[in-house]
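The values are calculated or read from the model by the stated rules, or taken from the named source; none is laboratory data. Since we're looking at a predicted model, the values are computed, not measured. Neighbour counts are summed over all protein chains in view; Cβ atoms, including those assigned to glycine, are modelled from backbone coordinates with ideal geometry.
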Amino acid sequence: MPRLGSTLLTLALAGVITLAAYADPVFVGAAVVLVQVLIALAPSAVDPSGHSIRSPHFVAALSGGLVATAITLAPDLLNGADGTSSDVVGATDNGMLAGILPAIAVSLFVALIAQMLRKDGRPNLVPSTAYAVTLGTFAALTAGWIGAAQSLGEAEAVAVGAGGLAAGMLVWLIPIDRWICASAAVLAGAAGGAAVAISVDSTLTWIFGVAVGSAAALFGVLGQVLGRAWARGRSTHASAGWGFPGALSIALAAPLVYVGGQLVGAPGL
């Protein structure tokens, strides 16, 4: 079953992130860096004819992810000289993803430097650069798990998101029509998120679990689909077969879990 490896990887990463959230956000950051490395190891892009496009993307993608992780863990890094501190720093104490835009900027800067260092005439310059920056954006989004652990929902919000994601991924393994399977995966994510929200020792409600769990499952499935389509024809590459799709599911679910953590305490949730 071609989806088995990437799905199991997503489940393992979600479990590690959840356990880390109950320990300390720094450990969540370590797990997030692992996901970012897997994203940065994505196989080279291909052109419409199926030929590889040379794209020095690893350093650009990973540098963007590391910047997002560092700023999310230590928002004071955004402080400038005395009297020039950004007003946004005070808001980052509750897990604000203030590191996303700086991360994308760093990815672009590093990607451009990598292109300048090429000595092959720089064919496919635009798609090559865009590929590296896109991977950097995916890597940066993964920091949402850190933001969720720092939010009002704390580790419990992470557990709900991971529970919904895991339930959806398990259903995604069923060999039936993909549209039906995706719909069932979202429903399973809602049920899984609700079950975790009810079982954890917190004020989270089953409504919160349904909302966050279904969203995490939906974007987890999208990560699997996009990751495999992105690396189509590169199945001999380990990162194409399971590494990149599995990590991308974690990355795309992260912002939804983060938003859920920010909504803890809202009326009806």
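Kindly indicate which of 143, 167, 184, 162 is touching a Ser or Thr at 6+ places or on another chain (Cβ under 9 Å), within 17 Å of residue 217 (Cα to Cα), modelled with pLDDT of 90 or more and not polar (S, T, N, Q).
Only one candidate passes the filter, namely 162.
Looking at segment 163-182 only, could you name the residues that are within 23 Å of residue 9 (Cβ to Cβ) and surrounded by fewer than 24 Cβ atoms within 10 Å (Cβ to Cβ)?
170, 171, 173, 174, 175, 176, 178, 181, 182
If the requirement is being surrounded by fewer than 22 Cβ atoms within 10 Å (Cβ to Cβ), modelled with pLDDT under 85 and farther than 30 Å from residue 178 by Cβ, which of these qualifies: 3, 54?
Working: 3 fails: farther than 30 Å from residue 178 by Cβ.
Going through 3, 54 in turn, the sole match is 54.
Check 106, 126 and return the single one that is surrounded by fewer than 17 Cβ atoms within 10 Å (Cβ to Cβ) and over 21 Å from residue 261 (Cβ atoms).
So the residue among 106, 126 that is surrounded by fewer than 17 Cβ atoms within 10 Å (Cβ to Cβ) and over 21 Å from residue 261 (Cβ atoms) is 126.
Quick check, is residue 264 more than 20 Å from residue 38 (Cβ to Cβ), of a type in the set (Val, Ile, Thr) and either at pLDDT below 90 or surrounded by 23 or more Cβ atoms within 10 Å (Cβ to Cβ) (or both)?
Yes: the conditions hold for residue 264.
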